[in-house]
Structures are given as structure tokens and as C-alpha cells.
Amino acid sequence: MKVIEIKRSLSLLSGLILAATTWVVSLELISDRPVPNAIFAQSIIERKMEAAEKPGKVLKTLVVGGSNVAFGIDTVRMSRTIGEEFVNFGCIAGIGPEIILSALRPSLSEGDRILFCWEYGLYSFKRRDQNITYLNLLFGPQREIYENYPFLDQVVLSLRLPFGHLRDSLMTHLNPYADPMIYKCSWDFDAGGNVRSNAGVVTSEEELLKKSLDALCTELIVSSEARKTIMDFLGYCRAMNVEVLASWPNLFAHPSYLKNQIPRENIQRIREFWEDLSVPVIGKAEDSMLGSEFFHDTYYHLNTKGVKKRTDLLIEELKPWYAVPGAEG
Amino acid sequence: MLFNEQSFLFLFLPIVFVGILLLRAGSPHLSSWWIILASFFFYGFHGWEHLPLLTFSILLNFGLGSAIQRKVGNRSAAHLLTFGIVCNLGVLAVFKYADFLTSSLGFEHSLNLSLPLAISFFTFQQIAYLVDVRKGKMTSPSFTHYAVFVSFFPQLIAGPIVRCQQIIPQLREGRLGKLSSQAFWIGLCLFSIGLFKKACMADGIRPLVEPIFESSSTGGTLSMVEAWLGATAFGLQIYFDFSAYSDMALGLGLLLGIRLPFNFDSPYKAVNVVDFWRRWHVTLSEFLRDYLYKPLGGNRLGIKRSFLNATLVMLLGGLWHGASWTFVFWGLLHGLFIGFNHLTRAFAQERGKTDGQPFWRLSVNRLLTFAFVTFAWVFFRSQDFQGAFSMLHSMIGLNGIDLPRSLGISGSNDLFRFNGLIPNQVTNFSILPLFLLSIIIVWFMPNSLKIVGLAKDANSPLRVPSNMIILLCSVLLFWGIKVSFEQTTHEFLYFRF
């Protein structure tokens, strides 16, 4: 190759390296300046962690999942009925199992219990396919998780992060008229971590019937990343003497789930997944599928009536595991 | 599969590129078939159901071209040409305009045919081919060369509209797959600039455009500044989007050894509408000029006829863009202004005022032309006339004029409101810096051809850009690739035509 061609190739390479370095350095510089989306999501996680901090040596059960738990289970009612402390640790399913479980770890004490009610989509979690909230958190308050990822994942995720993240971060923190903390979640949480307000637009049955849940209606394969994350967490729980149980997410009972084979197979796959990991599965998925009158704004979020029904069902299913008067097991 | 998608950048393009280099070493004929195969795959990827139409169109026109060639000078050649034009326009009419026509005439039935991708482009290209063969400007090529000429994937979907004289001689010279250092570096630089323009500029400005037009079409009342912002932002979006495609097409062509004609020459620096069309979608303008305007008499039959011809041609040009009355009206507006330009020029010539204009006057003309083009874009972008007129109402202040709050000394009245220049919640403020940068680029920066040093004349020698330009382009390449990872790639606007 001629010298001149080598020089041109070096110019090409230098430009690519220069641009990549600029991007990496920019992300580093704004890592402590989260974008509004990340401020919002992180504040929910923090509120859940606050709710899980119980004074003294009170044993507790943390009900863990995404918004189906946040807007679906009343842990105050559970505590009152069962007589033990329950905490609603329902965050946002879109942020993925790694962030949820990482936030959960510091909240655990020896002898605690965990009840997973995971959304179906969480089982097929893949880092590189995640949504913007996940990315905003990784390149903001959850940067530690990102830094522990394999190098290739780090590269792909940093490329996948939209340029708008940088722009939003700068605009948010350079704006002299608004404190970035105004983007914190202003939902009304109670002491059990339950959300007492849901401002979403009420969904009609017609809307709910329009679309079934893709995660359940297409063949569900538990991703290697989700499996590894859960297995690591279970190892941690064993070391902490924390008992883990699994249940199902509340979901609108779309007729296609019961008619078709694929949803049934997916449910069986999830059951087998937990059983293989020696995690007992409580109740049936079909029992957590409710009619449209129990839903508020999506096929996962229950209204007040739905929360009561779902919570009562869960209490019944849990009775054998707790020393509830009159319960078997 | 778009030029800015990972599947194209990291899979399709490298395979095609390596494939053609390897095959060309064996036989140039094989490289032609390789490109045909790749182009058909590329086209089929967007909808396999339309591949038979493309194949049929190529076979039919190649057959007709060969037949016309054999009978050049003979009357039957004219009949064959007429038959060819009717067939091509007939197919276009059925797929693109049938439903528009029936609904315009008030019929309830519609064919509901899906629009084959790029049908307007390959139809026009082949009509031009038949006309040129009939005129004896071109001898009928071999089938492989003809199929490459029509289906060449860099320009198949959204142009430039190439003429056989521009491509076939290059194929005959065996340039396909013959890689020179000059072509490689210019091609790579152009492709990088195009990728950046599409991914970062056109798609970056999109979130500013959509909410404003959406608001206007759903009955929202925009302030004057908002409406101008939306219309200008769309003008910038479509410019960056389409010129990006053209840059990428030229770049890909050069990487594969073929030099395609340029399609853009800083159109927003135009000083009048005629000038604008010499710079915007140049190959379409040339097609309309050579195959429609001139046969209609052009400007040889007096000023009135010239005015009428320009209006008619641009009206059809509007219709070419889409089967909708808003496109027709957009074309009509441009036609009227081109006609008006002809009138003023004739008037100036009569008075002997043909000297160059001072800088300030050029600047004013440039600004006025930009304002007119922006105004006309509203019809191009709006879904219907209701949305377009609502937007125009705001642009000319008929919905009242919103002014800064600090000026509101005596409160608001019917004409003036003091709620701020951008009172609604539909404008994405975080994109305003990009908007301003875009304005600076289109008005004051050299265009991509000038940056890489590619002359407009297709026969001029190629010169490798400087190392600094290569470095700059590779920075742009990184950003273009980076955005392709963001999963927010949008189709090119001209894919719809």
C-alpha cells in the first residue's frame, strides 16, 4: 500500500476514534446529571427502598415486580390480614430485572421473604433491546450496573443511547428556572410502598380487547441474561437466609390467552423455570387474569376494586406459607 | 432495509462490496449479475410482492427499447414509443393514481392497491430511456446493462433519476466494480456525509416538525412563530432527508464504480423559484424540462405560453410526488411562481436590466425565495387542505399575533396576545439549537459535493479529498452509525413517492 493511502486510512481511523472518544467523555461528564426520565424512575426506586427500610428487626415480605405490583397489590391489607410485614416493591418493568434486583439487595435482612410477581416480558429481558428508561438510568443513577457489564454490552449500549440523552441532560441541568428535582415522581405512596394515586386515563374493555400481550402470545424464551440475574440473586438470598416464592402478574384476561396454546405453554415454561431453581410457585396464572372491570389504565394496572380482589386472592394463596390462623400447611 | 440501518451498513453493503470485487476479478459480466441480484434483493426486502412488477417493467421496456432501436426512423418506432409510454404511465396510474381518481370523482369503490416502492422513479427513468432510444441518442444496451441501469440499488428507491446515457456508457467501459482510490475515498466521504445528514439532521429535526403539523391538523391554534417554525423545520427536514439519500446514493455508486448525477446544489441558496428548481431534485427538474416542458414548446412560443407550460409542468410534477390534491396545489404554486419569474425576467430584459444584482438584493431575493418555498411546503406536508390552511392562517397572523409577555403593557386584544412567542406546549424546545444549526448549514456552508471536491460535470476527473476532509467525514460516519444503533431510524421521506 502506498504511503499516501496509509495516511488516508489513518485519517479515517483518527476521525472514528476522535468521535467515539468525544461521545464516551460526554457521557462520563453528564453521568451525575440525570435526565428527567431517569430522575422520575430513580425516585420510584428510592421510594420503594425507603418503604422497605423497617425499623428494628421486623421480618418482612417484599412483593417484587414492575408496575403490575405497584398498581395491583395492597401490601398494607396483606400485612393486616396475615399479621406480618409486607412491602410493595413494584417498580417499573421496563427498567429490567438487574436494576430492580440491585435495588432490592440492600433492603433485605436475614429471614425476610420475597414474592416475585414478574411481568411476563421481564423473563425475556435482553440488555441490548431495552427501552429508553433503562438506558437513561444506566447512564445516570444506575451507572454502577453499566460499569459491571461486559465490554461489548457497554459499547452497544453506549451507541444505543440516543443523542437526545446528552441534550436532555444538559438542558435539564443548565435550565436556571427549574430545579431538576421537580421531575421526581410525585405519586402518593403509603408506608407499605403502595401507590394510592393513578392519574392514567381509564381504559375501556374495548381498548383492552384490541391488543393481547405480545410477551405472552409469542413463544417466551427465558433469556440467558434474565436467568443469570435471577440465579445470582437467588444465590445471594440463600446466603442471607431469605426465602423466595414466585407468583403471577395481574393481567387483563384477554380471551386469546385461554384459547391459544402458546400462552398456556409460556405459563408452563415460567412455572418450570422457577421450579428448576427450587422456587415454589404460588397459585395459577389464570387466577391472576381478571375482567376489564378491575383494570384502570393498562392491562397490568388494577383499579381500587381490582387491587382488593387481587390482594385477597394472593392472601388466600399465601396463607399456607404463613402462620395464619385457620390456614393449612 | 434503509441505507442508515444496521442490516444495510454491516451486512448487505459489505457483502455486496466484497462480492463485486471478487467477482469482477473473475468476469465483469458476473459483477453485473451480482449487482442485479443484490438490487432485486434490496428491493424485495421492502416488499417481495412488488418484485414481479419491477421485473415485468424491466423486461417490457427492454423489449420495447430493442424494437424501437431496430425501427428508428420508421413510423412504427413512434407507435412503439407511444405504446411504451402508455404502458408505463398506465401501470403508474393504476398503482398510484387509481384510488385518487375514483375518490376525486366521487366513486365509492377503490382498488386499495399498495403502492410499489419507487414506482415513480423507475417509471420515469424508463420512459426517458424509450424516448432517448427513439431519438437515436442511445443505442439499445445489453440486457444485463439495462437491468443494472434500472435496478441499480443505490438509486433505485429514491433517485437520482438517471438517464441511460449517464450509466450505460460507464457499464460498457466496465467501470462497475472497478475500484479506484479516488472513487473509494470520495464515495466513502459522500456516504458518510449523507448518513450524518439523515441520521442526525433530518431525523433529529423531525420531533420539532411532527407535533406542530399534528396540532394544526387537529384544530390546534398555533402562534405565528410556531407555525413558521414548524414549516421551516419541515423544509429543513425534507432537504436533509432527501439530499442525504442522494449523497448516499452517489457515494454508494462511486464505491461500486459508477458515477451517478448530482441531485442537489444548495437549493435554499436559490435567489428565485426557477433557480430553486435548478438546485432541488435536479434530475427530476431536468426530466420535466427535457421530456415535458420543451416538447410543450418551452419558452419558444411567447411569454404567455411559457407561463402556461411552466404551470402545467409543475402541476404534474406535484402530482408525481403523490396522489393527493395538496401535492397538486403545491406543484401549482411552484408553477405559478416559475411563470411569474419568467414574466419578470422578460420584463427586465425588455427594459435592458440584465446586469448582475448587488449583494443586498441577492440576499433579499434569497430570503424571499426561502420564505415562498417554506410557505409552499405547508401543502406538501399537510395531510389535507384543512390542516394546511389552518397552518397558513397562523403563519400570516390571521389567528392573532403572539408577542413576548414582557411587551404586554396594556393586556391582550383581538390582534395581539402577550402570551410569549411560543405559547403552546407542542414545540420541542430542546431541538431549537439543531434548528438554528441547520439554518446556518443550508445558508452558509458549502454543500457535500463541494466539501468532497466532486465536480458536477460527470466527465471531470475525480480527486481524492484532503486528509482533513477524510477525518471530518469519518467523524460524521461515526455519528451516523451511532444513531443507527438508537432504534429510531425513520424511512426516507421520498420513499413514499
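The values are calculated or read from the model by the stated rules, or taken from the named source; none is laboratory data. Because the structure is predicted, anything quoted here is derived from the model rather than measured. Using ideal geometry, Cβ is built from the backbone for each residue, glycine included, and neighbour counts are taken over all protein chains shown.
Every test in (1) part of a helix (DSSP H, G or I); (2) surrounded by fewer than 20 Cβ atoms within 10 Å (Cβ to Cβ) is passed by B:ARG300 save one, and that test is (1).
Consider region A:1-20. How many of its residues are of a type in the set (Ser, Thr, Tyr) and more than 7 Å from chain B (Cβ to nearest Cβ)?
Of all residues in region A:1-20, those of a type in the set (Ser, Thr, Tyr) come to A:9, A:11, A:14.
Subsequent filtering for residues that are more than 7 Å from chain B (Cβ to nearest Cβ) retains A:9.
Number satisfying all stated conditions: 1.
Those residues that are exposed (fewer than 13 other Cβ atoms within 10 Å of the Cβ) and under 20 Å from the mean Cα position of the chain (by Cα), I need them from region B:453-469; list them, please. Let's see the steps before the verdict.
In the first step, residues of region B:453-469 are kept if they are exposed (fewer than 13 other Cβ atoms within 10 Å of the Cβ); the result is B:456-457, B:459-461, B:468.
Of everything in region B:453-469, those that are exposed (fewer than 13 other Cβ atoms within 10 Å of the Cβ) and under 20 Å from the mean Cα position of the chain (by Cα) turn out to be B:LYS456, B:ASP457.
Checking B:GLY84, B:GLY26, B:GLY63 one by one, the residue that is within 21 Å of B:ILE119 (Cβ to Cβ), of a type in the set (Gly, Ala, Ser) and free of Cβ contacts under 8 Å to residues at least 12 places away in the same chain is B:GLY63 and no other.
Could you tell me whether region A:25-33 includes any residue that is within 11 Å of another protein chain (Cβ to nearest Cβ), crowded, with 16+ Cβ neighbours inside 10 Å and not aromatic (Phe, Trp, Tyr)?
In the first step, residues of region A:25-33 are kept if they are within 11 Å of another protein chain (Cβ to nearest Cβ); the result is none.
No, region A:25-33 has no match at all.
Only a single criterion out of (1) in a loop (DSSP other than H, G, I, E, B); (2) surrounded by fewer than 20 Cβ atoms within 10 Å (Cβ to Cβ); (3) under 11 Å from the mean Cα position of the chain (by Cα) is not satisfied by A:GLU110, namely (3).
Scanning region A:134-154 for residues that are among the hydroxyl-bearing types (Ser, Thr, Tyr) and within 14 Å of chain B (Cβ to nearest Cβ) turns up just one, A:TYR134. Under the condition of being surrounded by 13 or more Cβ atoms within 10 Å (Cβ to Cβ) and of a type in the set (S, T, N, Q), which residue from region A:10-24 is farthest from B:ILE469 (Cα to Cα)? Here the residue is A:THR22. Checking each residue in region B:66-81 for being polar (S, T, N, Q) and in contact (Cβ under 8 Å) with a residue 24 or more places away in the chain picks out B:SER66, B:GLN69. If you go through region A:226-247 and keep only what is basic (Lys, Arg) and within 15 Å of A:TYR123 (Cβ to Cβ), you end up with A:ARG227, A:LYS228.
Of all residues in region A:155-191, those being within 13 Å of chain B (Cβ to nearest Cβ), farther than 18 Å from A:GLN42 by Cα and not in a helix (DSSP H, G or I) number 4.
Taking the condition of being in a loop (DSSP other than H, G, I, E, B) and surrounded by fewer than 18 Cβ atoms within 10 Å (Cβ to Cβ), how many residues in region B:441-452 meet it?
Taking region B:441-452 first, the residues in a loop (DSSP other than H, G, I, E, B) are B:445-447.
Now restrict to residues that are surrounded by fewer than 18 Cβ atoms within 10 Å (Cβ to Cβ): B:445-446.
Final tally of qualifying residues: 2.
Yes/no matrix, rows are residues, columns are (1) in contact with a Lys or Arg (Cβ under 7 Å, 6 or more places away or on another chain); (2) at positive phi; (3) among the polar types (S, T, N, Q); (4) not assigned by TED's automatic domain parsing to the domain that holds B:VAL225:
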residue: B:ALA310; (1), (2), (3), (4): no, no, no, yes
residue: B:MET314; (1), (2), (3), (4): no, no, no, yes
residue: B:PHE327; (1), (2), (3), (4): no, no, no, yes
residue: B:GLY335; (1), (2), (3), (4): no, no, no, yes
residue: B:ALA376; (1), (2), (3), (4): no, no, no, no
residue: B:SER382; (1), (2), (3), (4): no, no, yes, no
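Is it the case that some residue within region B:224-244 is outside any loop (DSSP other than H, G, I, E, B) and touching a Gly at 6+ places or on another chain (Cβ under 7 Å)? Within region B:224-244, one or more residues are outside any loop (DSSP other than H, G, I, E, B) and touching a Gly at 6+ places or on another chain (Cβ under 7 Å). Scanning region A:143-177 for residues that are over 23 Å from B:SER484 (Cα atoms), surrounded by 11 or more Cβ atoms within 10 Å (Cβ to Cβ) and at pLDDT below 90 yields A:MET171, A:THR172, A:HIS173, A:ASN175. In the set A:TYR134, A:TYR149, only one residue is hydroxyl-bearing (Ser, Thr, Tyr) and in a loop (DSSP other than H, G, I, E, B); that residue is A:TYR149. If you check A:ALA70, A:ALA51 for being in contact with a His (Cβ under 9 Å, 6 or more places away or on another chain), away from chain B (no Cβ under 14 Å) and under 15 Å from A:LEU104 (Cα atoms), only one passes: A:ALA70. Counted as qualifying within region B:107-213 are the helices (runs of 4 or more DSSP H) with 2 or more residues that are surrounded by fewer than 22 Cβ atoms within 10 Å (Cβ to Cβ) and either at pLDDT 90 or above or within 14 Å of chain A (Cβ to nearest Cβ) (or both), namely B:119-134, B:143-151, B:164-172, B:181-196.
Across region A:27-71, the qualifying residues are those that are of a type in the set (A, V, I, L, M, F, W, C), touching a Ser or Thr at 6+ places or on another chain (Cβ under 6 Å) and assigned to a loop (DSSP other than H, G, I, E, B), and the one among them that is modelled with the highest pLDDT is A:VAL35. Give the residue, chosen from B:SER438, B:SER484, that is away from chain A (no Cβ under 14 Å), buried (at least 18 other Cβ atoms within 10 Å of the Cβ) and either touching a helix residue (DSSP H, G or I) at 6+ places or on another chain (Cβ under 9 Å) or at pLDDT 95 or above (or both). Matching residue, one of B:SER438, B:SER484: B:SER438.
Restricting attention to region A:228-250, does a residue exist that is farther than 20 Å from A:ILE114 by Cα, surrounded by 13 or more Cβ atoms within 10 Å (Cβ to Cβ) and either touching a helix residue (DSSP H, G or I) at 6+ places or on another chain (Cβ under 9 Å) or in contact (Cβ under 8 Å) with a residue 12 or more places away in the chain (or both)?
At the first step, the residues of region A:228-250 found to be farther than 20 Å from A:ILE114 by Cα are none.
Looking through region A:228-250, none of the residues is farther than 20 Å from A:ILE114 by Cα, surrounded by 13 or more Cβ atoms within 10 Å (Cβ to Cβ) and either touching a helix residue (DSSP H, G or I) at 6+ places or on another chain (Cβ under 9 Å) or in contact (Cβ under 8 Å) with a residue 12 or more places away in the chain (or both).
In this structure, B:ASP290 does satisfy being modelled with pLDDT of 85 or more and among the acidic types (Asp, Glu). In region B:48-68, the condition of being under 19 Å from B:ALA183 (Cα atoms), in a helix (DSSP H, G or I) and assigned by TED's automatic domain parsing to the domain that holds B:PHE149 is met by no residue. So, in region A:169-213, of the ones that are free of Cβ contacts under 8 Å to residues at least 12 places away in the same chain and polar (S, T, N, Q), which residue ends up farthest from A:ALA253 (Cα to Cα)? For region A:169-213, the residue satisfying everything is A:ASN175.
Residue by residue, here is whether (1) within 13 Å of chain B (Cβ to nearest Cβ); (2) over 30 Å from A:TYR322 (Cβ atoms); (3) in contact (Cβ under 8 Å) with a residue 24 or more places away in the chain; (4) among the hydroxyl-bearing types (Ser, Thr, Tyr) holds:
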{"residue": "A:LEU115", "(1), (2), (3), (4)": "no, no, yes, no"}
{"residue": "A:GLU119", "(1), (2), (3), (4)": "no, no, yes, no"}
{"residue": "A:ASP129", "(1), (2), (3), (4)": "yes, yes, no, no"}
{"residue": "A:ILE132", "(1), (2), (3), (4)": "yes, yes, yes, no"}
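Of the helices (runs of 4 or more DSSP H) lying entirely inside region A:214-329, the ones with 3 or more residues being farther than 29 Å from A:SER109 by Cβ are found at A:214-217, A:255-259, A:261-276, A:304-318.
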